[in-house]
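The values are calculated or read from the model by the stated rules, or taken from the named source; none is laboratory data. Predicted, not measured: the structure shown is a model, and the values here were computed from it. Note that we place each Cβ from the backbone using ideal geometry, even for glycine, and neighbour counts take in every protein chain shown. Side chains included, ligands, DNA and RNA excluded: accessible areas come from the protein's heavy atoms. Shrake-Rupley method; radii C 1.70, N 1.55, O 1.52, S 1.80 Å.
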2 protein chains.
Amino acid sequence: MMLKKNPALTGCICGAAGFAVAAVLVITLVSTSDKKERNSVRTEQALSDIEDYIISNVNADNIRNFLRYMTLKPHLGGTLGETELAGWLASTWEEQGLDEVHLVPYEVLLSYPSQDLPNLVRILDASNQAIWISAAKQKPLYAPEESLPEIPFTFNGYAAAGNATGEVVYAGYGREEDFKFLEENNIDLSGKIVLARYGHIFRANIADMAEGRGAIGVVLYSDPSDYAPEGSDIVYPNSYFMPPSAAPFGTVKLKDGDPLTPFYPAVESAYHIPQDEAPIPKIPVQPISYEDAWHILSRMGGVEAPSEWQGDLNVTYRLGPGFQQQDLRLNLDVNNIYQQNITHNVIGIMKGSVEPDRYVLVGNHYDAWILGAVDPNSGTAAMLELSRVLTQYSKETGWRPRRTLVFCAWGSEEYGLLASVEWAEQFGKQLADRTVVYINIDMAIEGNYTLRTKSAPLLYDAIYSSAKKVPNPDPEEVAAGRPTVYDTWAHRRPDPRQPDMPLMQFIGSGSDYKSFQHNLGIPCTDFRYTHDNKTLGEPMYHTLYETFELVDEIYDQGFEFHKAVTVLWGDLAVVFSEMDILPYSLRAYADFIARAYYDITTQYSALIASKNITMEYFGKAVENFNSTIITFEGNLQNVDFENPLQVRKINDQLMMVERAFIDPLGLPGRPEYNHVVTAPSKKDAYSGTAFAGLTDTLVAITEASEDQLDDLWRTFSHHLAAVTHFLNTAAKVLTDDLW
Amino acid sequence: MMLKKNPALTGCICGAAGFAVAAVLVITLVSTSDKKERNSVRTEQALSDIEDYIISNVNADNIRNFLRYMTLKPHLGGTLGETELAGWLASTWEEQGLDEVHLVPYEVLLSYPSQDLPNLVRILDASNQAIWISAAKQKPLYAPEESLPEIPFTFNGYAAAGNATGEVVYAGYGREEDFKFLEENNIDLSGKIVLARYGHIFRANIADMAEGRGAIGVVLYSDPSDYAPEGSDIVYPNSYFMPPSAAPFGTVKLKDGDPLTPFYPAVESAYHIPQDEAPIPKIPVQPISYEDAWHILSRMGGVEAPSEWQGDLNVTYRLGPGFQQQDLRLNLDVNNIYQQNITHNVIGIMKGSVEPDRYVLVGNHYDAWILGAVDPNSGTAAMLELSRVLTQYSKETGWRPRRTLVFCAWGSEEYGLLASVEWAEQFGKQLADRTVVYINIDMAIEGNYTLRTKSAPLLYDAIYSSAKKVPNPDPEEVAAGRPTVYDTWAHRRPDPRQPDMPLMQFIGSGSDYKSFQHNLGIPCTDFRYTHDNKTLGEPMYHTLYETFELVDEIYDQGFEFHKAVTVLWGDLAVVFSEMDILPYSLRAYADFIARAYYDITTQYSALIASKNITMEYFGKAVENFNSTIITFEGNLQNVDFENPLQVRKINDQLMMVERAFIDPLGLPGRPEYNHVVTAPSKKDAYSGTAFAGLTDTLVAITEASEDQLDDLWRTFSHHLAAVTHFLNTAAKVLTDDLW
């Protein structure tokens, strides 16, 4: 996973107001992807057989063994470690018996720490002598592989090399409102080094905002209040809380994919834009541990930071600028290097017997910042076990999937989804034409508390249905009367708007589904077992301590949670590969859209009305989408399953619904996002807001100066018309109408 | 038709150099769309039956009657005349028995002459008295309807209203080189009125270049040397040559579609850009007749114009600026008005029985500048007879097309393809997903000499094959041993590169196929019976004299040429609706591309080499496309026609080949064109040049100043990589490979 945030926060964006939508628009929450209605009797039985087989045959020990092998050493994107792992994945799939396995290379711009010169943060005295120096590497604490010589110096991917010295300013979580707070308090960042804590927004946005305000460097750390709330006594390896020496890596590139080949694949014939135009920082950025951050924070001067910015280090957090001892300055010395390296996807195929030209994609990235036992190789291990079970079933029974299964192991995801973006750029036309679903697992587990799921609304019902089939890996939950993964999910993470249902989070961005959902219009989901919400994400995320031992001894002894995720993944994959009629939940999509429409029109009604802009056509389009779906689903009762072209026509119409929302011109000011419904909000690349092109513009209007308003309102009106058009298109594709 | 030019000139762009390509790349000209190979025995017989039926049942008298009715009065886009005709077309199709007929409205920006104040060109003396005034309308010469009161004042669509007075400058054909010639001779256009002759380039480009050079008005005329070469004695109504009073109408809008809703449909929810940003002139532009042009040219001063600019009027053509009598000035008084009006498409459906979600589009616009007996209603009459024959066959035999036939009568084409562009914008996703071909007939005839065909290379073989079936409407040609339309076409308009084959012209732009070919990637063709090449196009084009009588008494007595075009249209339509495997000529496409590659690398090799830019990857992609096609076609030998999903898969792959060349980002500087192979050249919106994004940029480089070169070379390299990528994509879509 490239970035993340507290899922509970994400799920709340629609707010409780959603309930009132029913008064405005007809909303039906009845599941309509009942398998029996969408399958012939023959298909139904065959599908049931393979679902049972998956549950019986996914083996936790196998997953453990796969994970053990992959996490023996680092396998950072574009390095020998990654290439070797790619080769091993390919040969594993070949041995399992996939029909085709290919390494798909891209030459991309990557970034590494120097092998000789560590990146260091220093406190300098008046004579430029360092009175304190940060750690070059994270300290080995427990697992033997933490001490391997190839563990890299601590760094942020794509941070510029540079040696900057200046006063330090503390910027809290580095959100836009945090930087605004500093401005309001007359703290100028020009020539300063920003110290910010990670946790609420994508670190590339923090670095970008700092750079835009004239900062000459950024230092990032994670505060124990967010990642070790129970105190430093019980941290890794004694718990899953963050130890003082952890310094999480991560990319600071703003846009996804190879930074030098936007929109086109990084193949040998590619055109490369000049590097100074790439969406990467021009200033040094560096992560440090919280024990190191203490050395800076404890010396800082200036006024006290606001209470929300105060953390759990034993200091009073101050804004700066500079230190109490006025002749001290902070020095940031970053020695990263850029390299054009080859990174590989590994693509394995299990060819469809009936519709080989329809694809069910399952995928996970296999590159890791360091050892990657959680992110991503818990997912890779699950994928290998899934392919093993499906190939075994094929050998035992002669079964072939109806549609083609495509297994995707992505390279260099951590740098910003590099190889999945390039692949989608290279094969996007075929994929958009032929793919029915992409099921991404960035990591199989980052905890053992509950399932958490991001999903396109079209997949909601299928996910609910599959999750209800997966046995609960938590014996205590079973004992409490919750025998399935679904039950615990609904119990521990209910949807605030419908407390009897589990929470479905917006698909947003942050992992390899981005291109498929947001550029190609393929419905995507990403799920995992996660932690409770006591921390801002998984505490060991992107640190040295994401070890096999963390998984094996703390998160998932016995690997039953991995097994549950693998079974769910497999069940969804075969449901989409086998069902006669694709089990898309059209009504869930209509509901999702109606709620978003309600939220926007409620929240911004006065603002929009002040400009005499009508939301009437948008509202009519929302209603029209809903009523068209009811008609379409009514007609499904009459499907002749013996007529393959009739079934294909229905499925092709269903596939077009998500495609209908793709605007080839992109969202306002964001040509790299095309999906007008599900694109993440602009200000924070991780989060998902329905109709982000509208809501981002409305937010900007509320914050804009007078001279910007005309352009912003024009953008709003223009995009409103586009959104309305695509919504009407999504209804039309379910019909034969060309009028 | 919106604009046109001598077809022989167009066809020569590739040049004789094409022959040498065989030395570089393997080129196979063998037709590979042999119907027997691509059809089951059952399909082959059924198709043969309906082809015979079309030949036997298309009735020339019916076409004549349809044309007579439609040309009784004017039916300019957005007027009552157009709306009435739309209603009549719809009810005719309903009576014939099409399954569905719909009027599809768009509210678009149109432009009309004032009903009270004519547009006039005057010569003013020193006291501002007019010593000469141009005709307000074209003079009735023969047909009664020429005298109807609703005949509009002479105008150019979208020309700005304005009253401009200044010195006149003669700019020849108004091409870029003509304007350059004036500059080189120090004739400044600032504050001047440009007089240019129509014939070589799109009039909107003439107006745009004049406006860009500071001209305050443009007067256009057609010189008798181009349109009445045998002299004014034998002109309409005694021949098809242009009479002295003819003043051709035409649009001066630069881009296609509604000027206020670029990229999105002009539906009720549309956003409208400010009119001052629309691609329409800000200066008055006006057409006049050549008898009126004489009054200006005969008085002009300045040096003699170059010999190419001298015409057949009995004067010495001079450049100006101004008149010999120095106190005279030219006055241009244009009183056009803009209106947001409704224009309609009429869409008629004959639903497919096997693959209702695959569309064969046939279409023609029905709006006309005035009476439109040639452009476009010769084509409309043919379309009505085609739909009549096919519905009659259906009634008699129970036949239904395998794929859906969609009949399209387009509104407001003359203004710049308005309603077809809006329709493609509204339904583009479905159309790109489902359409196998679009067969456009802008006009059925504009002469009786030979067929002339513009086409996407994918359709070449099917067109050859169909044309070989159509009986020759010219008895003299039959007597000369050329019994089919194909024979005369090959004889009278041979391909200079392959003299035993008829000439296929580039698809370019200029009629309603534009959106389908260039934005959606649907292979298109446009054909008609045309004149010989003694004139620069059809002399009565867009004038008052495009009357039923012109057609009935001069061009096509007996309507046998109309019948031949109707039969060809019908044959192609049923071939594409019925054949099991779509009869695309992949090898013709590979050949077309290889020749273009050869032409570019030959013509510009030194220039490209001077920048160390490699054409190697492009060349490899060309070869790869060719070799993939050979493999794909080899596999066609093994098709199981009893497996509908296998046949569908092959057809879906075939359909994707043209789509593969669509770059959603558009051509360099031209987002309104997406097809990287077939887009017309930038400088002249009518013409077709393969890989126009490359060749236009290379031409610009040869003409650029030093400070523009870096950007232009960057554009070239970037687009070269894009073209290479899409060419590789076009090969990949014919495979199952995702690597």
ask   = Restricting to the stretch A:114-335, what percent of DSSP beta bridges are antiparallel, rounded to 5?
value = 50 percent
inquiry  = What does the extension gain come out to for B:A479 and B:D125, with contour length at 0.36 nm per residue minus their alpha carbon separation?
reply    = 121.3 nm
ask   = Whose amide H sits under 5 Å from the amide H of A:D495, counting only residues 5 or more places off or on another chain, with H placed in the peptide plane?
value = A:M501, A:L503
task = Using a 1.4 Å probe over the heavy atoms of the protein chains, calculate the carbon and sulfur portion of the accessible area of the protein assembly as shown as a whole percent.
result = 50 percent
ask   = Under the Karplus relation 6.51 cos²θ - 1.76 cosθ + 1.60, θ = phi - 60°, what is the ordered set of whole-Hz ³J(HN,Hα) values for the stretch B:176-187, x standing for Gly and Pro?
value = 4, 5, 5, 5, 5, 4, 4, 4, 4, 9, 6, 9
inquiry  = For B:R528, what residues show an amide H to amide H distance below 5 Å, using hydrogens built from the backbone and excluding near sequence neighbours?
reply    = B:R452
remark   = Here the whole-number average of other chain Cβ atoms within 10 Å per Cβ of A:261-273 is 5
query = Ranked highest first by average number of other Cβ atoms within 10 Å, how do B:362-369, B:336-343, A:64-71 line up?
reply = B:362-369, A:64-71, B:336-343
remark   = Per residue, the convex hull enclosing the alpha carbons of the stretch A:586-732 has a volume in Å³ of 111 Å³
note = Shielding of A:728-739 by other chains, given as the mean Cβ count within 10 Å, works out to 6
request  = Between B:T614 and A:E616, with labels modelled 7 Å along Cα→Cβ, what's the label distance in nm to one decimal, could you check?
outcome  = 6.1 nm
query = Calculated FRET efficiency, B:N643 and A:Q637, Cβ-Cβ r, R0 30 Å, to nearest 0.05?
reply = 0.65
query = Which distances in nm, rounded to one decimal and ordered from shortest, link the label point of B:D276 to the equivalent label points in the other identical copies, with labels set 7 Å from Cα toward Cβ?
reply = 3.6
key: Burial ranking of peptide ranges B:525-537, A:89-101, A:491-503, B:197-209 (average Cβ count within 10 Å, highest at the top)   = B:197-209, B:525-537, A:89-101, A:491-503
message = With +1 on the Cβ of every Lys and Arg and -1 on the Cβ of every Asp and Glu, and nothing else charged, how large is the dipole of the protein assembly as shown about its Cα centre, in debye rounded to the nearest 20?
response = 500 debye
Pairs of Cα atoms farther than 21 Å apart, the stretch B:114-335, % = 56 percent
remark   = So the angle from the long Cα axis of helix B:203-212 to the longest Cα principal axis of chain B, reported in degrees to the nearest 10, equals 50 degrees
query = If you plug each phi of the stretch B:310-318 into the Karplus form 6.51 cos²θ - 1.76 cosθ + 1.60 with θ = phi - 60°, what whole-Hz ³J(HN,Hα) values come out, in order, with x for Gly and Pro?
reply = 5, x, 9, 6, 7, 8, 8, 6, 10
inquiry  = Tell me the mean residue ellipticity at 222 nm calculated for chain A from its helices only (DSSP H runs of n ≥ 4, each -39500 (n - 2.57), averaged over every residue, nearest 500).
reply    = -11000 deg cm²/dmol
key: Segment B:I630-B:D116, extension gain: residue separation times 0.36 nm, minus the distance between their alpha carbons   = 178.6 nm
query = Considering amide H positions built from the backbone, and no H for Pro or chain starts, which residues 5 or more places from A:S111, or on another chain, come under 5 Å of its amide H?
reply = A:Y158, A:Q339
note = Charge tally for neighbours of A:I55 with beta carbon under 15 Å away, counting Lys, Arg as +1 and Asp, Glu as -1, is -2
key: For B:E44, inter-copy label distances in nm, listed shortest first [label point 7 Å out on the Cα-Cβ vector]   = 4.4
request  = Starting from the Cα of B:D500, step 7 Å along the direction of its Cβ; do the same at B:A136; then give the gap between the two resulting points in nm.
outcome  = 6.2 nm
message = Let me check I have the definition right: for chain B, take the eigenvalues of the Cα gyration tensor, multiply each by 5, take square roots. What are those semi-axes in whole Å, largest first?
response = 41, 31, 23
query = Residues of B:644-651, mean number of Cβ from any other protein chain within 10 Å of their own Cβ, rounded to a whole number?
reply = 4
remark   = Computed over the stretch B:586-732, protein heavy atoms only, probe 1.4 angstrom, the accessible area per residue in square angstrom equals 35 Å²
key: Inter-copy separations for B:E623, label at 7 Å along Cα-Cβ, nm, ascending   = 6.2
Angle between chain A longest axis and helix A:644-659 axis [Cα atoms, degrees, rounded to 10] = 30 degrees
inquiry  = How far, in whole Å, is the closest Cβ of chain A from the axis that maps A onto B, and which residue does it belong to?
reply    = A:P664, 2
request  = Using the structure shown, select from B:K192/B:K682; B:K253/B:K429; B:K282/B:K682; A:K36/B:K351; B:K351/B:K732; B:K563/B:K649 the pairs with a Cα to Cα distance greater than 28 angstrom.
outcome  = A:K36/B:K351; B:K351/B:K732; B:K563/B:K649
query = Summing +1 for each Lys or Arg and -1 for each Asp or Glu, what net charge is found among the other residues whose Cβ lies under 12 Å from the Cβ of B:A305?
reply = -2
key: Tilt relative to chain A, helix A:586-603 - C-alpha long axis, 0 to 90 degrees, to 10   = 50 degrees
key: Test item: Cα-centred dipole of the stretch B:114-335, Lys/Arg +1 and Asp/Glu -1 on Cβ, debye   = 300 debye
note = Between chains A and B, the summed loss of accessible surface on complex formation, probed at 1.4 Å and reported to the nearest 100 square angstrom, is 5600 Å²
note = So for R0 = 22 Å, FRET eff. of B:N59-B:K351 from the Cβ-Cβ r, to 0.05, ends up at 0.35
